[in-house]
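Derivation of every value follows stated rules applied to the coordinates shown; laboratory data play no part. This is a predicted model, so every value here is computed, not measured. Positions of Cβ are backbone-derived with ideal geometry, glycine not excepted, and every protein chain shown enters the neighbour counts.
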Amino acid sequence: MEISSPYQILNSPASAAQQSQNRKSLGLDFSNMTPQEMESARRELSLEGKISLHQSVTMALMDGYALEGVNGGKLVSGSTNMYAMIDSLLDYQEKNGVFNVQQNIESLKSLRKVLEENDVNYTTSTTSITA
């Protein structure tokens, strides 16, 4: 695995079996997570080299662990949809971003893709038409 910038990881091609195993290894549903599950997933994805340092920090900000010291020890309450949080951050960057906007957008899109690839409930639907 090669890191080209703090915003992106270039993954080597993985087999379908390896990707399937990756999904099962975390066993998480990123559309319904507690802050503790979000932090655990962030650590696991970081250790496995699936997300960059920048993406790890972004996830830490979303789950509240990065703000624990200045947020009165409070984490995000209840279950959270990480996809909705990423979409909200993307929307904000596209409308109000000031610093490294394009890199931040690419990083968020890449992070969303990694979460989708590791989500036990996420499926991509493809339709093929044959003649």
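Annotations
- Peptides 32-42, 95-105 ordered by packing proxy, namely the average of other Cβ atoms within 10 Å per residue, highest first: 32-42, 95-105.
- Counting only residues at least eight positions apart within a chain, or on another chain, the aspartates and glutamates with an alpha carbon under 19 Å from that of Lys95 are Asp87, Glu106.
- Segment Ala84-Thr34, extension gain: residue separation times 0.36 nm, minus the distance between their alpha carbons: 16.6 nm
- The local environment of Met85, defined by Cβ-Cβ distances under 13 Å, has a net charge of -1 under the rule Lys, Arg +1 and Asp, Glu -1.
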